[in-house]
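This report refers to the structure that appears directly beneath it.
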Amino acid sequence: MPEIEPVALAGLTTLRVGGVPERLIEATTRDELIDALRDAWASGQPWLVLGGGSNLLVGDEAFEGTVVLVRTSGIRRLPSPREGYVRLQVEAGHNWDDLVAYAAAEGLSGIVAMSGIPGTVGAAPVQNIGAYGQELVETLVEAELIDEATGDVSTVAAAELELGFRTSVLKNHYGSVAARSAVILSVTPGRSCGRRSASPRVSPSRSRGCARPCSRRVPARGWCSMTATPTRTVRGRSSRTRSSRHPSPVRCLPSARAGRWPWPSTSCA
């Protein structure tokens, strides 16, 4: 088991706070992660799983327990039961923004608007991350996790996680105990399209979180994300803005930076 010299958690969290844990384990493979968790649970000591270290406030006093660093990574492209769709099985420690970049480069829709969210893929379902009109619940198919009570590994459908607005059965709310004490090993989002369109004009769909061909106007508050540049007409003139909240209708166009985001335009309904 890859136990390493303990260091202050201040260097592993985005808020730059946190003391030194009693034990620090760095898991770089799925098997190492499973072994580390089972060992930590068997010890009966406090434990903490740490991914990207964002949204985490840790005390500066020493932590008398085990911290498991999730450093697994990798993306597997899997077939989907639906023609024209794919599924991506992603390891828990994979950087979320790297996954978004991969999806964009491959012309896959469904999560591209959620670029810039810090953290790892394994943490995404815990609070059902979302931004710019998209949420993980719209594309998540299943997740592989290990339960603390039994140490068993299982694959559960997204519905079993009861994803809601920034919540799930895996999340502790203000000191309460999570409905299910488990750690995610991998995540499989789906309903992403693998085809591109010759038309450069698209708009994100709030209903499915995917891009679709669109020449009609949509409300600005409805959504243009950081991966699109909205335009609006003011007294007969067209003006560009990066993230307009102007109540006038806008039309979503590709980013002005050539090659930045290869938005697909096949409907993912």
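Observations, loosely collected:
- The residue list Ala123, Ala143, Ala149 contains one member that is under 11 Å from Ser186 (Cβ atoms) and at pLDDT 95 or above, which is Ala143.
- Considered as a group, the residues in segment 49-66 that are among the aliphatic types (A, V, I, L, M) and surrounded by fewer than 18 Cβ atoms within 10 Å (Cβ to Cβ) include one that is modelled with the lowest pLDDT, and that residue is Leu57.
- Pro81 vs. criteria assigned by TED's automatic domain parsing to the domain that holds Ile184 and surrounded by fewer than 18 Cβ atoms within 10 Å (Cβ to Cβ): yes
- Reported count of residues in segment 63-114, each being among the β-branched types (Val, Ile, Thr), over 20 Å from Val126 (Cβ atoms) and out of contact with any strand residue (DSSP E or B) (no Cβ under 6 Å at 6 or more places or on another chain), is 1.
- Leu69 buried (at least 18 other Cβ atoms within 10 Å of the Cβ), touching a Leu at 6+ places or on another chain (Cβ under 6 Å) and at pLDDT 95 or above: yes
- Residues of segment 162-172 satisfying the condition of being more than 17 Å from Val49 (Cβ to Cβ) and surrounded by 10 or more Cβ atoms within 10 Å (Cβ to Cβ): Glu162, Leu163, Gly164, Arg166, Thr167
- Scanning segment 1-58 for residues that are over 14 Å from Gly93 (Cα atoms) and among the charged types (D, E, K, R) turns up Glu3, Glu5, Arg16, Glu22, Arg23, Asp35, Arg38, Asp39.
- Close Cβ contacts (under 7 Å, 6 or more residues apart or on different chains) running from residues in segment 24-44 that are closer than 19 Å to Glu64 by Cβ to residues that are assigned to a helix (DSSP H, G or I) comprise Ile25/Ala36.
- Verdict on Val58 being assigned to a strand (DSSP E or B) and either touching a residue at least 40 places away in the same chain (Cβ under 8 Å) or under 21 Å from Leu161 (Cα atoms) (or both): no
- Residue list for segment 156-182, filter: among the polar types (S, T, N, Q) and part of a loop (DSSP other than H, G, I, E, B): Ser168, Asn172, Ser176, Ser181
- Check on Pro118, part of a loop (DSSP other than H, G, I, E, B) and free of Cβ contacts under 8 Å to residues at least 12 places away in the same chain: no
- Residue check for Val20: buried (at least 18 other Cβ atoms within 10 Å of the Cβ) and either assigned by TED's automatic domain parsing to the domain that holds Ala143 or more than 21 Å from Val121 (Cβ to Cβ) (or both): no
The values are calculated or read from the model by the stated rules, or taken from the named source; none is laboratory data. All values derive from a computational prediction rather than experimental measurement. All Cβ positions, glycine included, derive from the backbone under ideal geometry; neighbour counts span all protein chains shown.
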